[in-house]
Amino acid sequence: MLSQQKSDRELLSLSGRVFSIIILLLILSYLAFSHFDSIKLLGNSNIQTVHNRLLNVLAGVKSQWLIRGQPQQLKLDWRTDLNQESLQVSYVLMSTGGWPVPNETNVAGCRQLIGSLLGDSYGQHFVTEHDINTETCRYIGVDGGSISYQLNSGRVIFLTGDQ
């Protein structure tokens with residue numbers, strides 16, 4: 001009888017440990033999925049930040065275009081370092097409506113345009129597409145979100161990667 005009680009105690013102890021491990025695995029899986037969902041949201045907010053920055057830069061470029069007398073080409077000089085006086089100088093062609101347009105009407109021109117407006121590193125973070133029919137440059141982020149820039153109107157459309 002003593003051995004039966006000892007076996008029952010060991011079985012209860014073992015089942016308690018198994019139950020504890022299952023609860024721990026459930027909690028860890030919940031935390032892991034929550035973590036990966038937050039990473040996806042960070043990717044979305046990254047392209048949303050780029051979208052907001054692009055809107056601000058386009059507004060600034062258009063105002064400079066108006067101030068400088070509506071030239072066909074506009075010189076953009078960006079500070080690349082706050083501690084030093086280093087400038088990144090680039091030139092963009094301007095449409096008659098005052099919106100920046102690429103030098104070439106292809107994917108390379110769209111990459112060059114986003115690099116001129118936001119900095120050279122931004123062209124490398126997106127898949128770039130160009131649609132000749134709608135005159136649109138589309139920049140697609142790794143999470144599926146995208147920014148479309150219509151060259152004829154200066155309209156910027158932001159789409160999330162959510163299904």
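The values are calculated or read from the model by the stated rules, or taken from the named source; none is laboratory data. On a predicted model such as this, the values are computed, not experimentally measured, just so you know. Every residue, glycine as well, gets a Cβ built from its backbone with ideal geometry; the counts of neighbours run over all protein chains shown.
Annotations for the structure displayed:
- If the condition is being touching a strand residue (DSSP E or B) at 6+ places or on another chain (Cβ under 8 Å) and either free of Cβ contacts under 8 Å to residues at least 12 places away in the same chain or not aromatic (Phe, Trp, Tyr) (or both), then region 142-153 contributes 145, 146, 147, 148, 150, 151.
- Single unsatisfied condition, residue 90 versus (1) of a type in the set (S, T, N, Q); (2) in contact with a helix residue (DSSP H, G or I) (Cβ under 6 Å, 6 or more places away or on another chain); (3) modelled with pLDDT under 80: (3)
- Scanning region 100-112 for residues that are more than 8 Å from residue 128 (Cβ to Cβ) and assigned to a helix (DSSP H, G or I) yields a count of 3.
- Among the criteria (1) buried (at least 17 other Cβ atoms within 10 Å of the Cβ); (2) modelled with pLDDT of 85 or more, the one residue 105 does not fulfil is (1).
- Residues that are among the hydroxyl-bearing types (Ser, Thr, Tyr), in a helix (DSSP H, G or I) and at pLDDT 85 or above, drawn from region 113-129: 116
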